[in-house]
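> Here it is, the structure in full.
The values are calculated or read from the model by the stated rules, or taken from the named source; none is laboratory data. Just so you know, these numbers come straight off a predicted model, no measurement behind them. Virtual Cβ from ideal backbone geometry, glycine too; neighbours counted across all protein chains shown. The area values use the complete protein model at the heavy-atom level, side chains included, leaving out ligands, DNA and RNA. Shrake-Rupley method; radii C 1.70, N 1.55, O 1.52, S 1.80 Å.
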Amino acid sequence: DALVRLGLDYESIRVRVPHLTYASLTAYGRDGPDCGLPGYDVGAFWATTGMSALVQQPNTYVLYPAGFGDLTTGGAMVGGIAASLTRRLKTGQGSLVDASLLRSGYYCNSTTLCNATPDERPTLQEAELRACGATEPPTYRHYTCADGAVSILGRDESHDAIWSKINIAFGEGVPKRTTPEALSEKLKTLPMEEVEARLRNMGVDCASISNLVTNVRKVQADQPHLFEQAPPGFDDVGMIPRKPFVFGLAPLEAQRPKTAAPAKGIHTREICETGFQPRAADLALPLPKKGGVQAGSALAPNLPLEGVTVVELSWGLGLSAAACSHQLMAAGATVIKVVDSTKGDPLKTKGDPRVYEQFNSGKEVFEVDVSFAANLDPRSRQRSTPLLTMIADRGAICVVTNAPTSVLEVAGLVPPQGARRGEMDVVVAVISPWGIDGPEDSRGDLGAFWGRSGMGAGVSGQVGGDDAMRPLPPQMGEIITSMQAFTAVSAAIFHHKRHGDGQIVDISMERTGLWCVVLMSTWVSCDPHKGKLWEIPPSLITERWPVPTLTSITSKDGVSIQLLGLDLARHLLPTMNGLNVPKTVWLTIILTVVFKVIPEKAPTKVLKLVPLLVVFNKQIQHCARQLTFDELVVRFEKAGVWWTLVKSPGQAMAYQQAAVTGAFADADGDKTAGRRFIAAPVQVKS
């Protein structure tokens, strides 16, 4: 409504500036009954899509990496912008790039949602949540230890062989058979370092998940090349993670952000006139010449990447390449999926058929003997000829793959290290856990995305012993990485269309994970004490949460609600009125300030206020349990409280707003179970 009043809505602007690309990021979408609701990523990205209920303990749906959904959605939207600019090169016309936190959340949780049956019941069903979280094998999941957690990373290997080694490691040297449940209970009593050492001694690949501060400091010390100095004007921030992708033709320094904070005292008018940088440094983007192809003509594409052919070479059970090409296909590209003619697609033969269909429906399949991938002898290079010939014959300008670099070198898709900045005809996007020249083991996301970045601690708090981690959404890290890959590939395709240059695009799960926690890691870099905001045991989260009006509550009849009062000063009184908190609580608050807060010697203001936060949090939780959901709805409406429901995956699939805003790929869904597939998160409309 505000944009309409200002004349800055898309419908008004496109009439005056038809070549403009208009990018819109909303919480719940631009249309539908809930399009105007307040969201933030904690509501629209986490709570509404079923992810909160999956990754958090029951009734404690509150702890999330700050800005995670915003960073994920904003990154994907850049890909839509690049695709729109590619279309404009042909038509001279602009587009509407429509991104929402809701659709991004659905896509990140799509491996679970595509198997979920719509559920209209208002309360969360714990049995459903347990079933959703039990999809990964016991050799590819995290286990809680006495003082942290350890992820076992045996996804693409023989599960029986790995399980035998695990049994020997924790069965006093005897290959005694045990169950995953029994192993979980035993590891809760052992220190994290001891568990990791035993597994590595047996040759089992694993990764530790410790607290956020430890993770951030360790990565900054061990991998300084993953960080860069903050732009001018942010000197107090120090080092920040680099973006998730690196373009092969440009030096790293040229890929730094082109903006900076204005100096103090500079008038806004000057910033509007000159921008954040000298005019000479602006990147020129020439508009198409007049008389070009117009929208609506026979040559004008309805989707931005129509006419672009992409070849996908997926490897093992990884989803990242398949999900990236799925998003490119949704933007109009023709996708040719390379499948081994001798073994088939492992994701199809060994994985979940619904998940395979989710990311691969509609792709053209090209079968070829890719035995060169198993035999790294350079003499096998000749076997890749059919693949390279197909790429040339079909006019493909992009290859998307998650295969190991050594395989790609033998296949002739990637030049050897040291020769990768030379001329290339096509864009080759390599998605890997640790970067194109990193280790080739541990192909999944548990170690590179969740463990190394501190993300596991960001969604779980201080785990250990009875404070156990919940299962993470299957391959969510790979899907988020694929969204960043979609952005990088779209930009590389735009560059290819303008200049004819191919290049290597290097996207890693490690860098993506670090980018997704950039707010938390910069906070910790500035003030390590702020890391303690996330180092809360799950059992104490609802008591010690620093923003009582941005917490989850449970009604008298068991309905879980996410409060959305991010601005504590603005929302505290309306929330307390809406929950009917008694006036006598203010006496308790005054006494707490006098006798607990003022004498407290905590190193930061927030930590000093913990006793007061406990009072607010306990009262909010207690009063919520005295009212039914219907009573809360009436009181919240009257008091102006911002809130949304915490949904299970089944409830998310029954959400009408998701259907209206285009979160589902199929109109009717599975006729037998009502199940549906999830659409790509970014829509580019002409």
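> Counting just the residues of region 231-258 that are at pLDDT 75 or above and part of a loop (DSSP other than H, G, I, E, B), which one comes out farthest from the chain's Cα centre (by Cα)?
Filtering region 231-258 for residues that are at pLDDT 75 or above and part of a loop (DSSP other than H, G, I, E, B), the one farthest from the chain's Cα centre (by Cα) comes out as GLY248.
> Testing THR111 on (1) surrounded by 21 or more Cβ atoms within 10 Å (Cβ to Cβ); (2) under 24 Å from GLY444 (Cα atoms); (3) at pLDDT below 85, one condition comes back false. Which one is that?
(3)
> Okay, moving on. Being modelled with pLDDT under 90 and assigned to a loop (DSSP other than H, G, I, E, B) is the filter; apply it to region 315-341 and report the residue that is most open to solvent (accessible area, probe 1.4 Å).
The selected residue is TRP315.
> Can you give me the number of residues within region 528-545 that are at pLDDT 75 or above and either hydroxyl-bearing (Ser, Thr, Tyr) or open to solvent by 30 Å² or more (accessible area, probe 1.4 Å) (or both)?
Within region 528-545, residues that are at pLDDT 75 or above and either hydroxyl-bearing (Ser, Thr, Tyr) or open to solvent by 30 Å² or more (accessible area, probe 1.4 Å) (or both) number 5.
> Out of region 149-162, which residues are closer than 26 Å to MET455 by Cβ, part of a helix (DSSP H, G or I) and among the hydrophobic types (A, V, I, L, M, F, W, C)? Walk me through it before giving the result.
From region 149-162, those closer than 26 Å to MET455 by Cβ are 149-157, 159, 162; that's our starting set.
Right, trim to part of a helix (DSSP H, G or I) and you get 159, 162.
Scanning region 149-162 gives a single hit, ILE162.
> Which fully enclosed helices (runs of 4 or more DSSP H) of region 1-118 have 1 or more residues being of a type outside the set (Phe, Trp, Tyr) and in contact (Cβ under 8 Å) with a residue 24 or more places away in the chain?
On the way: elements: 2-6, 10-16, 51-55, 68-91, 101-108, 110-113.
Passing ranges, in order: 10-16, 51-55, 68-91, 101-108, 110-113.
> Report, by residue number, each residue of region 552-563 that is among the aliphatic types (A, V, I, L, M) and in a strand (DSSP E or B). Write out each step before concluding.
Applying the first criterion (among the aliphatic types (A, V, I, L, M)) to region 552-563 yields 553, 559, 561, 563.
The answer is ILE553, ILE561, LEU563.
> Among GLY438, GLY458, GLY447, which is open to solvent by 10 Å² or more (accessible area, probe 1.4 Å), modelled with pLDDT under 90 and either more than 30 Å from GLN57 (Cα to Cα) or not in a loop (DSSP other than H, G, I, E, B) (or both)? Give the steps one after another, and end with the answer.
Details: GLY458 fails: open to solvent by 10 Å² or more (accessible area, probe 1.4 Å); GLY447 fails: open to solvent by 10 Å² or more (accessible area, probe 1.4 Å).
From the options GLY438, GLY458, GLY447, the qualifying one is GLY438.
> Quick check: is even one residue across region 564-575 over 21 Å from TRP642 (Cβ atoms), of a type in the set (S, T, N, Q) and in a helix (DSSP H, G or I)? Spell out the reasoning first.
Here is the first cut: in region 564-575, the residues over 21 Å from TRP642 (Cβ atoms) are none.
Among the residues of region 564-575, not one is over 21 Å from TRP642 (Cβ atoms), of a type in the set (S, T, N, Q) and in a helix (DSSP H, G or I), which makes the answer no.
> Another one. If ILE168 meets every condition in (1) at pLDDT below 85; (2) touching a Pro at 6+ places or on another chain (Cβ under 8 Å) apart from one, which number is that one?
The number of the failed condition is (1).
> Has region 601-623 got any residue that is open to solvent by less than 20 Å² (accessible area, probe 1.4 Å), free of Cβ contacts under 8 Å to residues at least 24 places away in the same chain and assigned to a helix (DSSP H, G or I)?
No; the residues of region 601-623 include none that is open to solvent by less than 20 Å² (accessible area, probe 1.4 Å), free of Cβ contacts under 8 Å to residues at least 24 places away in the same chain and assigned to a helix (DSSP H, G or I).
> Considering LYS601, LYS583, LYS556, which residue is in contact with a Ser or Thr (Cβ under 8 Å, 6 or more places away or on another chain), over 20 Å from LEU63 (Cα atoms) and either modelled with pLDDT under 95 or of a type in the set (Phe, Trp, Tyr) (or both)? Explain how you work it out, then say what you get.
Numbers: LYS601 fails: in contact with a Ser or Thr (Cβ under 8 Å, 6 or more places away or on another chain); LYS583 fails: in contact with a Ser or Thr (Cβ under 8 Å, 6 or more places away or on another chain).
LYS556 is the lone residue from the list that is in contact with a Ser or Thr (Cβ under 8 Å, 6 or more places away or on another chain), over 20 Å from LEU63 (Cα atoms) and either modelled with pLDDT under 95 or of a type in the set (Phe, Trp, Tyr) (or both).
> Pick out, from region 474-537, the helices (runs of 4 or more DSSP H) lying fully within it that include 3 or more residues that are in contact with a His (Cβ under 6 Å, 6 or more places away or on another chain).
On the way: elements: 476-499, 509-516, 518-526.
Counting at least 3 such residues, we get no helices (runs of 4 or more DSSP H) at all.
> Also, I was wondering about something else. Applying the selection to region 630-649, what residues are in a helix (DSSP H, G or I) and surrounded by fewer than 18 Cβ atoms within 10 Å (Cβ to Cβ)?
ASP630, GLU631, VAL633, VAL634, ARG635, GLU637, LYS638, ALA639
> If you scan region 576-600, which residues turn out to be more than 38 Å from the chain's Cα centre (by Cα) and part of a helix (DSSP H, G or I)?
Those that are more than 38 Å from the chain's Cα centre (by Cα) and part of a helix (DSSP H, G or I): VAL585, TRP586, LEU587, THR588, ILE589, ILE590, LEU591, THR592, VAL593, VAL594, PHE595, LYS596.
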